[in-house]
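The values are calculated or read from the model by the stated rules, or taken from the named source; none is laboratory data. Worth saying up front: this structure is predicted, and the values here are computed from it rather than measured. Glycine gets a Cβ as well: all are built from the backbone with ideal geometry, and neighbour counts include every protein chain shown. When the accessible area is computed, the model is the full protein with side chains, heavy atoms only, and any ligands, DNA or RNA have been set aside. Shrake-Rupley method; radii C 1.70, N 1.55, O 1.52, S 1.80 Å.
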Amino acid sequence: MTGVRPPLAELRAITKTFGALVANDSIDLVVQPGEVHALLGENGAGKSTLTRILYGLSQPDSGEISIEGTVRKMSSPADAMAAGIGMVTQEFSLVGTMTVTENLMLAGVGIGRINRVAARTRALEAAARIGVSINPDAVVETLSVGERQRVEIVKALFHDCRLLILDEPTAVLVPQDVGMLFDSIRRLTADGMGVIFISHKLHEVVEIAGRVSILRRGKIVASVPAAGLEPRQIAAMMVGAEVVAHGGITEAVSTVEADALATSIGLEPSAVSTALVAPAGDRPPGVGRATTVSSATPAATASTAVAATSGRANTASVPALAIRDLTLRGSGAPLLDTVSITVAPGEIVGVAGVSGNGQTELVSVLCGMAEPTSGSIQIGRVDITALGVVERIRAGLGRLTEDRRGSVIPNLSVEQNLVLEDLDTFRRGPFLSRTRMRTHVHQLMQRFDIRANATDPIRSLSGGNMQKVLLARALSRNPRALVASQPTRGLDVGACEYVYSQLRGLRDDGAGVLVISEDLDELLGLCDRIVVLFSGRIIGDVMAADASREELGLLMTGQAA
Amino acid sequence: MKLLLRAHESRWLAPAAIGVAVLVTLLLTAGPIRLAGANPLAAYERYVITPLTSFGGIGEVLLASTPLIFTGLAVAIAFRVGYFNIGAEGQYLAGAIAATIPGLYLPGLPALLALPLALAAGALGGTAWALLPAWLKRRAHIDEVVTTLLLNPVALLLVQGLLNGPWRNSQTGFPDSDSFGAGYTLPAIVDGSRVHWGLIIALLLVVATWIVMSFTPLGLRLRAAGQAGAAARFSGIHVSSLQWRSALVSGAVAGLGGASQVLGVQHQLTASIAVGYGYTGVVVATLGALSAGGVLLAALLLGTIAVGAQNASVVLHVPSQMGAIVSSTLLLTVVSAMVARHYRIVFGHGRVAGTRTEDDIEALGQPIRAPEADPARTSDTGHESEKVQ
């Protein structure tokens, strides 16, 4: 506790584990009055867990929180509100059919009479405090995303809030709204409020924050004043790449950590740490590539070699998957904005990006679950933009989505789920041919090493086995193009390696594979080429062999490399 | 104390749950029966055993079960696809009205023409009554529970309106229609019994439904659509089209039930046809776990209890409504037991090894690299999620 005033909030040694995963590892964080404290980190770095703990939505395993010098226990959001903490998340908690005033009243309703007139006045005052105009009588449904966010902030201010947590507030906003939000934040901090600001967008952080704390794998790896920071340095710290220190920051990932990481993507540890430590840009590309290939596993070596040759041989042929100017509009900023990606036969293309930048939308448009506003999708020479799921599959599309449980019928058996998309091929007269089904399923279960009974309900399978079922279903038709979203999410190391080998095998057989993943290591280890999706746009396209984590990290946060 | 979703259910669990439900039903209904002045055990004997001990009794049970098979099957067909048709009652009545039309206006037809015509009319009537809610659901996503339910009293009013108006009995002046022509009688299966060919039609429908659901691609698609609509859509199944078609088939089956009742039992349209078979159909379908065989068993059980309740009211002077109380209690306990069997109870706050709460998963908002158990037991390691208390 420095100076005359105690810090607004002080988190000491906060630790939270989920089974084997340490989401927060002894985190210390101090927010001073009038300070905008930015929290940065990749997905899963522990930002959300930390803010949930501070807001009482989750209990830490150990550690304590003090607010203005007093230790407080946050058992619920009510405690947090009482302690003067407010939070605005990405998903708004507003009732669409009620007016702004009514929504604000909901926040403070207790026992007793409701004073509508007073609430309306307070709403106007709070709006004036953050320097925006809000029509207190507007029905929330009719408001834009930016306006709804302002209502959320006003709602938080209703309980005498002194520390406001904003969880990725700019993710859903168009640029003009971002400007207004920043003006509001500046007004609030001028009054002595503290703000915890979570974002992935580095230029925003540099613009608004006074202090930046960077989380990586549950730990704070750096906490530095924002003034004078280069986005490049922040990006390097976030993704854990070594950078030559210009601004005096030499935070880097340890060799041990890099090795653990390498193992998890199925490479020999030394390969990756070498690749990580030596800045990619300083090496001739050929040399860097040779180093990686020589120390990688034999299987990876072979497939890389094949890709290198087949990739060149197929440049003139028809792409396996061609996405052209795909646009999807939502209520706010466009969810997908003229996205064009071409995947050649025998190529694995990765889509990198921080989650929420259009990946889910891209996958659902490709899979036929959402209709694009404009643009086209082609498999080989077939335009599938307007086709239904069955026709897409027939055209040669394979699909592996991030929501595994949303792709299977939980109560149907493994067998039934395996054949669900090809029922008509097992038809004998009006009936299903059980024997043909059995043979097919048996073959698939052997080939894909699915360890379950064919008649078990699929919901009883582990994540890894379920993913094998979905892989088997998609690959049994020898697709021309496979869209695989977060293909190893939630899987253990062995299952991950298995998925990689299957995807590589498909690529080597001449199919095009599009992998959408938040895991940079996965993309770097698996793909031939990586494109970066940011705010629904493709803002980078690099060969994986020449790509550095640093460069990709910058792209992912919206900085041109 | 927490309830954890079971990752794995053993085979005996469902039968055991039903056994427990029956036991709980007996315990719960013993009080009311006692209050009504009878020995609960004697009453249970009357309800479920006595009706099955005589040839005549079995006949009555089959007769009482026939409309329940129709309506139960109708409800099950719709529920199975996730279309919650609560309108079997109205569709049943519409079927009865429609079958009455040829019965009254073409009385001279021979049985060979008359019966198919009247049955087809009944099916068509039921379909017509199911059409509007199904169309509203498909075109405008209007909740079918409300629309199908609200059309039930409309059908009843239509029956009453017809019987008090154009179809009033020309001889007696009572609100019953004239008797149908002689060709419009579904014959008895066995001479001297009241059990008619409607039962055979119902059984054929049960078998047909079983075959479609169990052995055809369509059946698998229907089940997929009903169990997980979004995932079925992902797999290219046209869920809303299947629901639309099932809704109409459901209406047709209920309508056939109405036709079977007027052609096999009443031989005229009377207001007494509306005794809630359509609503009981929901009970039958639910008790029968929406399967064709289950519907048949549940219909026979409820038919038995209905006949037994008549018997008990005469012999033991227990109000006949007590039978309905037993059936309803049985429904509630069985449904509760079938839901409860998915969970196991965990005492204390301690986190059970290998389980993860929904809160945790949400808190992470992120892939969990779960340490999966050794591959030999992978089928037991599905993630367990948690319901609060």
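Determine, yes or no, whether B:His317 is outside the structural domain of B:Asn169 (by TED's automatic domain parsing), over 21 Å from the mean Cα position of the chain (by Cα) and over 19 Å from B:Val61 (Cα atoms).
Working: outside the structural domain of B:Asn169 (by TED's automatic domain parsing): yes; over 21 Å from the mean Cα position of the chain (by Cα): yes; over 19 Å from B:Val61 (Cα atoms): yes.
The answer is yes for B:His317.
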Inset, instruction - Within the stretch B:20-41, identify whether any single residue is surrounded by fewer than 18 Cβ atoms within 10 Å (Cβ to Cβ) and within 14 Å of chain A (Cβ to nearest Cβ), and answer yes or no. - result: no
Inset, instruction - Return the residue satisfying two criteria in turn: it lies in the stretch A:490-541 and is hydroxyl-bearing (Ser, Thr, Tyr) and touching a helix residue (DSSP H, G or I) at 6+ places or on another chain (Cβ under 6 Å), and of such residues it is modelled with the lowest pLDDT. - result: A:Ser517
Inset, instruction - Take A:Val351 and decide whether it is closer than 30 Å to A:Pro169 by Cβ and at pLDDT 90 or above. - result: yes
Inset, instruction - Identify, by number, the condition in (1) surrounded by fewer than 15 Cβ atoms within 10 Å (Cβ to Cβ); (2) modelled with pLDDT under 90 that B:Lys2 doesn't meet. - result: (1)
Inset, instruction - Please report, ordered by residue number, the helices (runs of 4 or more DSSP H) entirely within the stretch B:203-284 with at least 2 residues that are closer than 30 Å to B:Gly173 by Cα, of a type outside the set (Gly, Ala, Ser) and within 17 Å of the chain's Cα centre (by Cα). - result: B:239-261
Inset, instruction - Of the conditions (1) touching a Cys at 6+ places or on another chain (Cβ under 9 Å); (2) part of a helix (DSSP H, G or I), A:Val441 clears all except one; give me its number. - result: (1)
Inset, instruction - Might you let me know whether the stretch B:95-107 holds any residue that is in contact with a helix residue (DSSP H, G or I) (Cβ under 8 Å, 6 or more places away or on another chain), more than 23 Å from B:Ser177 (Cα to Cα) and modelled with pLDDT of 95 or more? - result: no
Legend entry - Condition broken by B:Leu109, with the remaining ones in (1) in contact with a Gly (Cβ under 9 Å, 6 or more places away or on another chain); (2) in a helix (DSSP H, G or I) satisfied: (2)
Inset, instruction - Only one of these is in contact (Cβ under 8 Å) with a residue 24 or more places away in the chain, within 14 Å of chain B (Cβ to nearest Cβ) and under 20 Å from the mean Cα position of the chain (by Cα): A:Glu522, A:Glu497. Name it. - result: A:Glu522
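Got a number for residues in the stretch A:399-413 being more than 7 Å from chain B (Cβ to nearest Cβ) and either part of a loop (DSSP other than H, G, I, E, B) or in contact with a Cys (Cβ under 9 Å, 6 or more places away or on another chain) (or both)? Don't jump to the end; show me each part of the working.
Residues of the stretch A:399-413 that are more than 7 Å from chain B (Cβ to nearest Cβ), as a first pass: A:399-405, A:413.
Now restrict to residues that are either part of a loop (DSSP other than H, G, I, E, B) or in contact with a Cys (Cβ under 9 Å, 6 or more places away or on another chain) (or both): A:399, A:401-403.
Going through the stretch A:399-413 one residue at a time, the tally reaches 4.
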Legend entry - Of residues in the stretch A:380-391 being within 8 Å of chain B (Cβ to nearest Cβ) and under 28 Å from the mean Cα position of the chain (by Cα), the one most open to solvent (accessible area, probe 1.4 Å): A:Gly388
Legend entry - Enumeration of residues in the stretch A:402-415 that are open to solvent by 20 Å² or more (accessible area, probe 1.4 Å) and touching a strand residue (DSSP E or B) at 6+ places or on another chain (Cβ under 9 Å): A:Glu402, A:Asp403, A:Pro410, A:Asn411
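I want to confirm something. Restricting to the stretch B:212-243 and keeping residues that are touching a Phe, Trp or Tyr at 6+ places or on another chain (Cβ under 8 Å) and open to solvent by 10 Å² or more (accessible area, probe 1.4 Å), which single residue is farthest from the other protein chains (Cβ to nearest Cβ)? Working first, answer last.
Quick first cut of the stretch B:212-243, residues touching a Phe, Trp or Tyr at 6+ places or on another chain (Cβ under 8 Å) only: B:215-217, B:226, B:243.
Those left that are additionally open to solvent by 10 Å² or more (accessible area, probe 1.4 Å): B:215-216, B:226, B:243.
Details: B:Phe215: 5, B:Thr216: 6, B:Gly226: 9, B:Gln243: 16 Å.
The selected residue is B:Gln243.
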Inset, instruction - Consider only pairs whose beta carbons are under 6 Å apart and that are at least six residues apart or on different chains; among these, list those whose first residue lies in the stretch A:445-466 and is at the interface with chain B (Cβ under 9 Å from one of its Cβ atoms) and free of Cβ contacts under 8 Å to residues at least 40 places away in the same chain and whose second residue is β-branched (Val, Ile, Thr) and crowded, with 16+ Cβ neighbours inside 10 Å. - result: A:Arg451/B:Thr378; A:Ala452/A:Val414; A:Ser462/B:Thr378; A:Ser462/B:Thr381; A:Asn465/A:Ile450; A:Asn465/B:Thr378
Legend entry - Residue within the stretch B:157-177 that is over 21 Å from B:Val253 (Cα atoms), buried (at least 20 other Cβ atoms within 10 Å of the Cβ) and hydroxyl-bearing (Ser, Thr, Tyr) present: yes
Inset, instruction - With the checklist (1) touching a residue at least 60 places away in the same chain (Cβ under 8 Å); (2) surrounded by fewer than 23 Cβ atoms within 10 Å (Cβ to Cβ); (3) small (Gly, Ala, Ser) in hand, flag the one item A:Gly398 doesn't pass. - result: (2)
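Being at pLDDT 90 or above, in a helix (DSSP H, G or I) and out of contact with any strand residue (DSSP E or B) (no Cβ under 9 Å at 6 or more places or on another chain): is that true of B:Ala324 here?
Details: at pLDDT 90 or above: no; in a helix (DSSP H, G or I): yes; out of contact with any strand residue (DSSP E or B) (no Cβ under 9 Å at 6 or more places or on another chain): yes.
Considered against the rule, which asks whether it is at pLDDT 90 or above, in a helix (DSSP H, G or I) and out of contact with any strand residue (DSSP E or B) (no Cβ under 9 Å at 6 or more places or on another chain), B:Ala324 comes out as no.
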Inset, instruction - Report yes if A:Gln446 is open to solvent by 10 Å² or more (accessible area, probe 1.4 Å) and under 28 Å from A:Pro345 (Cα atoms), otherwise no. - result: yes
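Considering only the stretch A:331-379, state which residues are in a loop (DSSP other than H, G, I, E, B), within 14 Å of another protein chain (Cβ to nearest Cβ) and either in contact with an Asp or Glu (Cβ under 8 Å, 6 or more places away or on another chain) or closer than 21 Å to A:Ser548 by Cα (or both).
Keep residues of the stretch A:331-379 that are in a loop (DSSP other than H, G, I, E, B), which gives A:331-335, A:344-346, A:353-358, A:368-373.
Narrowing further to those that are within 14 Å of another protein chain (Cβ to nearest Cβ): A:354-356, A:368-371.
Selection gives A:Val354, A:Ser355, A:Gly356, A:Ala370.
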Inset, instruction - Determine whether A:Glu550 is touching a Gly at 6+ places or on another chain (Cβ under 9 Å) and farther than 30 Å from B:Ala228 by Cβ. - result: yes
Inset, instruction - Please determine, by comparing only the residues of the stretch B:285-317 that are among the aliphatic types (A, V, I, L, M), in a loop (DSSP other than H, G, I, E, B) and closer than 25 Å to B:Val81 by Cβ, which one is most open to solvent (accessible area, probe 1.4 Å). - result: B:Ala289
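Would you confirm whether any residue within the stretch A:525-536 is within 20 Å of the chain's Cα centre (by Cα), among the charged types (D, E, K, R) and open to solvent by less than 20 Å² (accessible area, probe 1.4 Å)? Working first, answer last.
If we filter the stretch A:525-536 for residues that are within 20 Å of the chain's Cα centre (by Cα), which is where we start, we get A:525-527, A:529-536.
Checking which are among the charged types (D, E, K, R) leaves us with A:529.
Okay, now just the ones that are also open to solvent by less than 20 Å² (accessible area, probe 1.4 Å), so none.
No, the conditions are met nowhere in the stretch A:525-536.
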Legend entry - Every residue from the stretch A:480-494 that is more than 12 Å from every other protein chain (Cβ to nearest Cβ) and either over 22 Å from A:Cys367 (Cβ atoms) or open to solvent by 50 Å² or more (accessible area, probe 1.4 Å) (or both): A:Arg480
